[in-house]
Amino acid sequence: MKALRRRGANLIEGSLDVVAMLDENTFVTGGDSGAISLWHKSRKKPIFTQHLAHGVDEQQQQQQQDALNPCWITALATLPLSDMFVSGSWDGWVRVWKLVRDKRQSFELVNAIKVPGFVNSIDLFEDHESKGRGDTKVLSVEPNNVCMVLGIGQEPRMGRWARTKETRNHVRVITLRPYWVKKKQVQEEGA
């Protein structure tokens, strides 16, 4: 952020458009400045802010050389009571973020999934499959997959400020598997 200000770039803090709760004390926000902020309910200011979380709009940047036009945050979703959240914009990527374990004072990018178009909504939920036969459910310590449902459009949900013609309005479902499941499967196959 300081490097951007040294170059003369002005980032104007506008409105907060999306809010998602991580737990009963912590939540994240995103807005038209392209920043994602981590908040605690007992603080008046964010604990941590990731500026330009989805980069800048390349097309508008070429047209307007002096202004910095960030891709604003159009969607946020969290897996309740976890340290993971997902953000969407129109930069072509859905980004998966994770709180830093030590202090829960910041977050870091874990993964990015290519999704063309405006990500207008995101919903996350755990995929609870029954592990037993019939109505019998077996308790398992295996982690559940996380399903991510994306509402993708050609335009932002609240207006027609921009348009991407290379995509259609649709819903996309993506299954996220915990990383340690893949490691365990590789170890079992190698043994």
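A few comments on the model shown:
- Taking all protein chains as shown and a probe of 1.4 angstrom, Leu52 keeps an accessible surface of around 40 Å².
- Fully extended contour minus Cα-Cα distance, from Asn144 to Arg168, at 0.36 nm per residue: 5.6 nm
The values are calculated or read from the model by the stated rules, or taken from the named source; none is laboratory data. None of the values given here were measured: they were computed from a predicted structure. What goes into the accessible areas is simple: the full protein's heavy atoms, side chains included, and nothing from ligands, DNA or RNA. Shrake-Rupley method; radii C 1.70, N 1.55, O 1.52, S 1.80 Å.
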